[in-house]
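Could you have a look at this structure, given as structure tokens, before my questions?
No lab work stands behind these numbers, since they all come straight from the coordinates. Owing to the predicted nature of the structure, the values given are computational and were not obtained by experimental measurement. All Cβ positions, even for glycine, are placed from backbone atoms using ideal geometry, and neighbour counts span all protein chains on display.
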Amino acid sequence: MSAPADTAAPVLPSFVMVKRHALVTRIAHWVNVLLMSLLLMSGLQILNAHPALYWGQQSDFAHPLASIASQETADGRLVGVTTVGTRAFDTTGFLGASYFDSEITDRAFPSWITLPGGQSLGLGRRWHFLAAWLFVVNGAIYLMWSFLRRHVQRDLWPMRSELRLIGSTLQHHLLLRFPRGKAARHYNVLQKLSYLSVVFGALPLMVLTGLGMSPRVNAQWPLLLTLLQGRQSARTLHFLVAASLLLFVFVHVAMVIATGFWNEFRSMVTGHYAITPERRKAGETGHE
């Protein structure tokens with residue numbers, strides 16, 4: 001009598017390593033991390049010179065859209081006041097009045113978040129312009145490579161079928177239910193739309209509004225300043241786009257942590273990403 005056949009279900013491996021990011025993508029990503037940090041810190045240094053935002057061509061000092069200032073109280077204390085529209089907020093210790101060399105000083109943004117740490121508009125501008133042009137060059141190289149390799153068309157452009165899944169994908173993200181198996185190899189529709197809006201929306205607008213504040217560019221292409229409704233409008237838009245990019249970075253980092261920090265970090269350093277296999281059949285044992 002022959003022995004019964006072994007009918008036990010095959011055991012799937014706990015994870016499978018796949019190639020997720022090309023070398024060019026990884027280099028461009030980390031260069032962007034460095035340059036965006038320099039741009040943020042030097043940009044806040046520049047804004048420290050006049051921490052108020054307006055709309056139009058002229059600065060209406062009496063009616064800014066938003067401003068950061070300091071005030072001295074009746075008992076001689078220095079407090080920071082941030083005003084948005086008609087509402088004022090006490091932001092002592094961070095905005096308006098912050099600590100520098102263990103003493104509270106009249107300063108819009110604190111020294112630890114500006115480049116250089118001490119107050120210097122000239123050095124802040126130099127750092128900002130250098131980082132900005134390097135950022136443009138890095139982005140141009142990455143875009144050319146992406147189109148030549150069809151990375152944008154293949155990996156970032158959402159299909160119609162994916163657009164119908166925006167609601168369910170958002171729900172899964174809010175419930176911290178992230179894709180596994182084959183679906184984890186590719187960007188989901190929310191990631192695709194987010195990256196496209198940044199690459200082809202926020203970043204070009206950031207560059208244009210930056211150029212719109214340049215007197216030399218204004219002289220050569222006055223139409224740009226007309227489209228932006230004035231230099232002060234360009235400055236305000238520049239700040240708002242920068243704030244939206246900072247929000248994008250916060251959400252991006254939060255998602256990296258939620259989906260598995262070390263796995264995501266490794267994929268952006270080595271290019272390899274560990275995915276959990278899906279079940280091959282209904283009722284099959286193993287990992288999902």
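Of PRO51, ALA140, VAL198, whose Cα points farthest to the positive end of the dipole of the chain (charges on the beta-carbon: +1 Lys, Arg; -1 Asp, Glu; origin at the Cα centre)?
Checking the options against the dipole of the chain, the answer is ALA140.
Further, regarding this structure: Compute log10 of I(q)/I(0) for the range 138-185 with the Debye formula, placing one identical point scatterer on every Cα and leaving out solvent, at q = 0.26 Å⁻¹, to two decimals.
Treating every Cα as an identical point scatterer, log10 I(q)/I(0) equals -0.95.
Shifting gears a bit: So what does the Cα-only Debye profile of the range 61-108 read at q = 0.15, 0.25 Å⁻¹, as log10 I(q)/I(0), no solvent term?
For the requested q values the scattering log ratios are -0.37, -0.85.
Between ARG125 and VAL84, what is the label-point separation in nm under the 7 Å Cα-to-beta-carbon projection?
With each label point 7 Å from Cα toward Cβ, the separation is 3.0 nm.
Which of ALA97, GLY76, THR86 sits farthest toward the positive end of the charge dipole of the range 61-108, with +1 on the Cβ of Lys and Arg and -1 on the Cβ of Asp and Glu?
Farthest towards the positive end: THR86.
Once fully extended, how much extra length lies between ALA219 and ASP106, figured as 0.36 nm per residue of separation less the alpha-carbon to alpha-carbon distance?
Additional length available on full extension: 37.1 nm.
Work out, in µm²/s and without decimals, the Stokes-Einstein translational diffusion coefficient of the chain at 25 °C, 0.890 mPa s, Rh from Kirkwood over C-alpha pairs.
Estimated diffusion coefficient is 108 µm²/s.
Under a Cβ-only charge scheme (Lys and Arg +1, Asp and Glu -1), can you give me the dipole magnitude of the range 61-108 about the Cα centre, in debye to the nearest 20?
240 debye
Still on this structure, please answer the following. In debye, nearest 20: dipole of the chain around its Cα centre with unit charges on the Cβ of K, R (+) and D, E (-)?
My answer is approximately 1320 debye.
Excluding SER59 itself, calculate the net charge of residues whose Cβ lies under 14 Å from the Cβ of SER59, where each Lys or Arg counts +1 and each Asp or Glu counts -1.
Details: positive: ARG231, ARG235; negative: ASP60.
Local net charge: +1.
Let me ask another. How much length is gained on full extension from HIS50 to ARG149, taking 0.36 nm per residue of separation minus their Cα-Cα distance?
Full extension from HIS50 to ARG149 adds 31.2 nm.
In 10 Å bins starting at 0, how do the alpha-carbon pair distances of the range 125-268 split up by percent?
Result, from short to long distances: 10, 31, 33, 19, 8, 0 percent.
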